[in-house]
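Engineer: Structure below; questions to follow.
The values are calculated or read from the model by the stated rules, or taken from the named source; none is laboratory data. What you see is a predicted model; the values in this text were computed from it and never measured. With ideal geometry, Cβ positions are generated from the backbone for all residues, glycine too; neighbour counts draw on all protein chains shown. Each accessible area value is taken on the protein alone, full model and side chains, heavy atoms only, with ligands, DNA and RNA left out. Shrake-Rupley method; radii C 1.70, N 1.55, O 1.52, S 1.80 Å.
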Amino acid sequence: MRALLATLLALSLPAIASAWDGVDSDSGGAVEIGKGNLVRSGQTIEVYDHEAGEYRDVDVQSIQRSGSSVEVEVYDNESGEYRTFEMDN
């Protein structure tokens, strides 16, 4: 059983390591953009919202470098609100 858990953990590490971490500028809650999402204006991407505890589909409105981070403005399809994420550079 331990070998199975160790194998599953080892296989999941590359996926965890490749996520793009950031915070929601308004709430301060952590957000994560997973591997495989093309973060470009006009694209719909999947974001894990740690504060809500769920994945959300958002439409990318704009992307701007801001100092040592990248500001991604999105439209949250579920809440109907615009959100700004400060993502690690």
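Engineer: Can you tell me which residues in the range 57-69 are free of Cβ contacts under 8 Å to residues at least 24 places away in the same chain and either part of a loop (DSSP other than H, G, I, E, B) or closer than 17 Å to E86 by Cβ (or both)?
Structural biologist: Of everything in the range 57-69, those that are free of Cβ contacts under 8 Å to residues at least 24 places away in the same chain and either part of a loop (DSSP other than H, G, I, E, B) or closer than 17 Å to E86 by Cβ (or both) turn out to be V60, Q61, S62, Q64, S66, G67, S68.
Engineer: Being outside any loop (DSSP other than H, G, I, E, B) and more than 14 Å from the chain's Cα centre (by Cα) is the filter here; which residues of the range 70-89 pass it?
Structural biologist: Across the range 70-89, the qualifying residues are E81, Y82.
Engineer: If Y55 passes every condition in (1) surrounded by fewer than 16 Cβ atoms within 10 Å (Cβ to Cβ); (2) more than 16 Å from G29 (Cβ to Cβ) but one, which one does it miss?
Structural biologist: Of everything listed in (1) surrounded by fewer than 16 Cβ atoms within 10 Å (Cβ to Cβ); (2) more than 16 Å from G29 (Cβ to Cβ), Y55 misses just condition (2).
Engineer: May I pose another question? For the range 56-75, give me each residue that is closer than 16 Å to L38 by Cα and not β-branched (V, I, T).
Structural biologist: R56, D57, D59, Q61, S62, Q64, E71, E73, Y75
Engineer: For the range 21-39, which residues satisfy the criterion of being open to solvent by 20 Å² or more (accessible area, probe 1.4 Å), of a type outside the set (V, I, T) and not in a loop (DSSP other than H, G, I, E, B)?
Structural biologist: D21, A30, E32
Engineer: Determine if the range 66-83 includes at least one residue that is at pLDDT 95 or above, of a type in the set (S, T, Y) and open to solvent by less than 60 Å² (accessible area, probe 1.4 Å).
Structural biologist: No - not one qualifying residue is present in the range 66-83.
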